[in-house]
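Below is one structure, written out as structure tokens; the observations come after it.
The values are calculated or read from the model by the stated rules, or taken from the named source; none is laboratory data. Because the structure is predicted, anything quoted here is derived from the model rather than measured. Counting neighbours? That spans all protein chains shown, and the Cβs are built from the backbone with ideal geometry, glycine included.
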Amino acid sequence: MSTEAIPLPFQDGQDPRTRAAAARALDPRSLRAVFMDLIGRPPRQSEVGEWLGRGRGELLDELLGGEEFWGHWWHEQLYYFLLIDNFRPRTRAAKEVPERLAQGRLHYRDALHQAALTPTFDLRNPGADTFVTVVMEQFCGLVVQDKASELEIGKVAYEGGKGRFLGTTAENQADVIRICVEHREASRHFLAREHQRLLRVELDSKQLRADAGRLHRDPWAYLAVVREWLLSEAYDQRLRDLVPKSNTLFVRCLFVDLLDRLPEDDELEPLRNALDGLADSRPLRSVVVRLLLDSGRAAVPRKQDIPDPTRWVAAQFPRFLGRDATDEELGVFVSAFHEEGCEPGTILYALLSHSEYQSY
């Protein structure tokens, strides 16, 4: 085996800002954010105890490239392609994609290629015109109105004809997919949307060109690129500014925060669909909070089992919001706790239905 095939540990490089970010201690806010950004859930309480106060770089090394990371990444890609609900790929090969990515048997480009080859992708995008348009737009970020001749060639190839599509000979539908997935613009488009997904801002055009060129040459470099992003000043800024949780992330957070587990697909999908169907999902989110709190499955202590209400209330703020309560907040919540009829579940409902919990 050549040394190039041996997985090597991430390096922090010589940039002192990168080294400083890697060593920066994780507080409750940044710990929750990194978990949510990379694996689509907050840390469990056992993980909070393990990681709080340790360096961000250590956590990135732990999470990046693991099966849970790739499982979340795969879910996000399928959502991007609208391969959800009845169109979600259910073949054994599709289900094994995260495991194979974690084992190093696939790189990200292989996985995207496989998504486009699934029968449900074909069903979602029926017919030559729709299929070729979607593949050109979603994989390469091309504006088909500006590439009308390429679209026509792609449609011919889709139907089994032969043509020069995006600079490469194509003779069938599989060729159209492969050419788009491997196109230089696909690397650029993929990184642009990944940076937007993870850091919520556009990647600087110069840096995008450099990162895309690197990724086009070596698709295995994806994890190293993401690690650099999450040790950058741009990610430091992202941690300072709250960003909205998607409906999927909100549901996953509730299940982990209250039940210490992720929702099953048959639990997640109906809730996500109901929330996605509303222009403003916040009222229904509050209903979901109440349903979980009242389900009997959430670990809500009894009032008489809390010997120190002030300490208990104070602990819920970093647990759910990633920050300490202000003196005013603590006073209000503790006073409410002592009121007749107020139960611990009332306090938890107030925190979990608050607008701050809708973001992270």
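Cβ separations smaller than 7 Å between residues 6+ apart or across chains give the following pairs from segment 151-174 residues that are surrounded by 14 or more Cβ atoms within 10 Å (Cβ to Cβ) to residues that are of a type in the set (D, E, K, R) and in a strand (DSSP E or B): Ile153/Arg164.
Within segment 178-199, can one find any residue that is surrounded by fewer than 21 Cβ atoms within 10 Å (Cβ to Cβ), free of Cβ contacts under 8 Å to residues at least 24 places away in the same chain and in a helix (DSSP H, G or I)? Yes, segment 178-199 has at least one match. (1) in contact (Cβ under 8 Å) with a residue 24 or more places away in the chain; (2) surrounded by fewer than 18 Cβ atoms within 10 Å (Cβ to Cβ); (3) touching a helix residue (DSSP H, G or I) at 6+ places or on another chain (Cβ under 6 Å): which one isn't true of Asp260, the others all being true? In the conditions (1) in contact (Cβ under 8 Å) with a residue 24 or more places away in the chain; (2) surrounded by fewer than 18 Cβ atoms within 10 Å (Cβ to Cβ); (3) touching a helix residue (DSSP H, G or I) at 6+ places or on another chain (Cβ under 6 Å), Asp260 misses (3) alone. Is it true that some residue in segment 271-292 is within 19 Å of the chain's Cα centre (by Cα), loosely packed, with under 15 Cβ neighbours inside 10 Å and either acidic (Asp, Glu) or assigned to a loop (DSSP other than H, G, I, E, B) (or both)? Checked segment 271-292: at least one residue is within 19 Å of the chain's Cα centre (by Cα), loosely packed, with under 15 Cβ neighbours inside 10 Å and either acidic (Asp, Glu) or assigned to a loop (DSSP other than H, G, I, E, B) (or both). Checked against (1) assigned to a helix (DSSP H, G or I); (2) at pLDDT 95 or above; (3) under 17 Å from the mean Cα position of the chain (by Cα), Leu262 meets all criteria but (1). Within the option set Val226, Val243, Val251, Val287, being closer than 13 Å to Leu352 by Cβ, out of contact with any helix residue (DSSP H, G or I) (no Cβ under 6 Å at 6 or more places or on another chain) and among the β-branched types (Val, Ile, Thr) holds for one residue only, Val287. Taking the conditions (1) aliphatic (A, V, I, L, M); (2) in contact (Cβ under 8 Å) with a residue 60 or more places away in the chain; (3) in a helix (DSSP H, G or I); (4) surrounded by 21 or more Cβ atoms within 10 Å (Cβ to Cβ) in turn, Leu231 satisfies each one other than (3).
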